[in-house]
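Comments concern the structure below.
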Amino acid sequence: MIKMQTDLEKLGYKQELKRNLNYFDNFSIAFAFISATTGIFSLFGMGLSTGGPSFVWTWPAVFIGQLLVSLTLAEVASHYPLSGSIYNWTKHLVNDTYAWFAGWIYLVASLITIAAVNVGGAPYIAQMMGWDAGNHNTLLMIVIFMVLLQTLINSFGVKLTAMINNIGMVAEVGAMIVLAAVLLAVGIHQPFDIVFETAGTEGSGSYLPVFLSAMLMSVFVLYGFESAGSLAEEVINPRRIVPRAIISSLVITFICGGILIIALVLSISDLTAVMQSEVPVMEILSTNLGAGVANAFVILAVIAILVCGTAIQASVARLLYSLGRDRKIPGSKLWLKISPKYETPIAAILFTGIFTVLLTSASSTLSYLVNMCIAGIYIAYLSIAIGALIARKRGWNAYTSPWNLGKWGVHINILALSWLVFGFINLCWPRTPDAPWYVNYSIPLLVGCVFLIGAVYYTIFVRPRHRIEVSEEKKTYAK
């Protein structure tokens, strides 16, 4: 413990959060944040209807790109094991101003992600309960219940959060593997070469634009691995454990999720009916397993979604705590409040819950939430890839950390940067020529608005305060 506190003090902070998470705890939180079950159950239908069965190839394509990103993030996390991940990493790689904007966009994107996950899971709960899954008020009530439960879990200590995530992780892996095995055992209705079937989604043109559109499903699932770094100040031996958790959570998600996606596609008995269904996964499960068994697996999926939201909220709360500690956001003193009994950033946790409910009440359109959170996360990841290259050019010695990329570091950073730029452009590319211009360019417009709001606040409040702090430090040093 003494060594860990000394390590943290070298980075300019004192130990306030309880350090009691091991590798499995840290891995489970990152794995729950990614949550293949959540993404597949929420967006499998979008991928299938957009690109036909061939959309399954977006899964390995996105994984390769994200693996490069995870390697980049893992190396930086090993050097700077601090709460707040993206924000604190960029602060040490580049400077305070760069870090503030990276942390700001990451904060907004992460808050939206909580809403996107819960909104994606609400229709399944409504359907099981026999309620109208298309009614906004019904879905809002379900989201409020989910957020309340997640907030309570996170408030009662990080160890409880970790325990819930551990249970959820085991249940999720088991559910994906068992569900895939059951579907394949019941009967494969399609030949394996269906994975090359486009189902006419390309129309009379090329399939490439359709394939790039269908990537959204895989992109939405395969991110969030950096959340292992958000809880670094609560992890034992974080310089070694956090990088392992970041990479392994992505790899295992890819394997388990890929098996389930293939099983779902091969189990389609009527491709046209499934592509037109409002809830394609339920259509496949009900047809093959019957309503009763299908609902049992849906319950497991809902549990995974609840756990996913819990993990994301835990990560965002630490980011708020980290920004508040550096006095970089409104109400900084509030975000520093730690529960004396449970040793959790209680105010930050409560805020994330309230914000999620307010955002959901304003918009229940899942596609907009998904697009915005992915765009923000990709920009945040991009800030690390660029920051690592800037730091290397300045003479950053990556070999000083126990987990580093060695001689491959620069090459991996450049490849990760290229992938993220491509992913962001693909996400923002207009695809509805008949829609109004502001709909076609809604993502870059929303990102621009977030940056503009952040720039105004930074210029008026953060920058003047930072100048005063630097001036005081120089005076102290001179004395």
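Here LYS407 is the anchor, and the aspartates and glutamates within straight C-alpha reach of less than 17 Å, apart from those fewer than 8 places off in the same chain, are GLU75.
Taken over the stretch 354-434, the alpha-carbon convex hull comes to 138 cubic angstrom per residue. Amide H to amide H distances under 5 Å link VAL235 with LEU21, where only residues 5 or more positions off or on other chains count and H is placed in the peptide plane. Under 5 Å between amide hydrogens, built in the peptide plane, is the criterion, and for LEU405 it picks out nothing among residues at least 5 positions away or on other chains.
Projected onto their three principal axes, the Cα atoms of the stretch 267-334 cover extents of 57, 23, 15 Å, largest first.
The relative contact order of the stretch 1-97 comes to 18 percent, based on Cα pairs under 8 Å that sit 6 or more residues apart.
When only alpha carbons of the chain are considered, Rg and Dmax amount to 22.1, 79 Å. Per the 1.4 Å probe, what fraction of the accessible area of the stretch 288-389, in percent, lies on carbon and sulfur atoms? Of the solvent-accessible surface of the stretch 288-389, carbon and sulfur hold 72 percent. For the stretch 315-362, pairs of C-alpha atoms spaced more than 13 angstrom apart make up 53 percent of the total. Highest mean packing first, where packing is the average number of other Cβ atoms within 10 Å per residue, the peptides 120-126, 394-400 line up as 120-126, 394-400. Shown for the stretch 1-115: the carbon plus sulfur share of the solvent-accessible area, taken with all protein chains present and a 1.4 angstrom probe, equals 63%. Considering only alpha-carbon pairs that sit under 8 angstrom and 6 or more positions apart, the relative contact order computed for the chain is 31 percent. Could you tell me what percent of the accessible area of the stretch 153-223 is made up of carbon and sulfur, with a 1.4 Å probe and every protein chain present? In the stretch 153-223, the share of accessible area belonging to carbon and sulfur is 73 percent.
In vacuum, with every alpha carbon of the stretch 238-288 counted as one equal point scatterer, what does the Debye formula give for log10 I(q)/I(0) at q = 0.16, 0.20, 0.22, 0.32 Å⁻¹? Two decimals, please. Each listed q corresponds, in turn, to -0.57, -0.69, -0.76, -1.11. Of the whole protein surface, THR90 contributes about 0 Å² of accessible area at a 1.4 Å probe radius.
Note on the stretch 1-108: Cα Rg divided by 2.2 N^0.38 Å, N the number of residues, gives 1.38. Taking the Kirkwood radius as Rh and the Cα radius of gyration as Rg, the stretch 101-231 has a ratio of Rg/Rh equal to 1.03. Using a probe of 1.4 angstrom and keeping all protein chains present, the accessible surface of the stretch 97-221 works out to 40 square angstrom per residue. Its Cα gyration tensor gives the stretch 131-178 an equivalent ellipsoid; the semi-axes, largest first and in whole Å, are 25, 19, 4.
For the stretch 234-353, the solvent-accessible area of protein heavy atoms averages 35 Å² per residue (probe radius 1.4 Å; ligands and nucleic acids excluded). Applying 0.36 nm per residue to the separation of ASN137 and THR272 and subtracting their alpha-carbon distance, the gain on full extension is 45.5 nm. Within the same chain, aspartates and glutamates fewer than 8 places from LYS337 are excluded, and of the rest, those with a Cα less than 17 Å from its Cα are GLU16, GLU233, GLU234, ASP326. Taking each DSSP H run with n ≥ 4 as -39500 (n - 2.57) and averaging over every residue of the chain yields -25000 deg cm²/dmol at 222 nm. Estimated from the Cβ-Cβ distance and a Förster radius of 51 angstrom, the FRET efficiency linking TYR438 and ASN237 is about 0.55.
Using θ = phi - 60° in the Karplus curve 6.51 cos²θ - 1.76 cosθ + 1.60, the 3J(HN,Hα) couplings for the stretch 280-291 round to x, 4, 5, 4, 5, 5, 5, 5, 8, 10, x, 4 Hz; x is entered for Gly and Pro. Here the stretch 103-150 is treated as a Stokes sphere of Kirkwood radius computed over C-alpha pairs; at 4 °C and 1.567 mPa s its diffusion coefficient rounds to 114 µm²/s.
FRET efficiency for the LYS159 to GLN127 pair, using the beta carbon distance and R₀ = 25 Å, is estimated at 0.15. The mean sequence distance of close C-alpha pairs (under 8 Å, at least 6 residues apart), as a share of the length of the stretch 117-267, puts its relative contact order at 27 percent.
Projecting the alpha carbon convex hull of the stretch 262-304 along each direction and taking the average yields 3.1 nm². Just list whichever of LYS159/LYS341; LYS10/LYS91; LYS91/LYS341 have alpha carbons separated by over 20 Å in the model shown. Exceeds cut-off: LYS91/LYS341.
The values are calculated or read from the model by the stated rules, or taken from the named source; none is laboratory data. Every value quoted in this text rests on a predicted model; they were computed, and no experiment measured them. Ideal geometry is used to build each Cβ from the backbone, glycine not excepted, and the neighbour counts take in all protein chains shown. Calculation scope for accessible area: heavy atoms of the full protein, side chains included, ligands and nucleic acids excluded. Shrake-Rupley method; radii C 1.70, N 1.55, O 1.52, S 1.80 Å.
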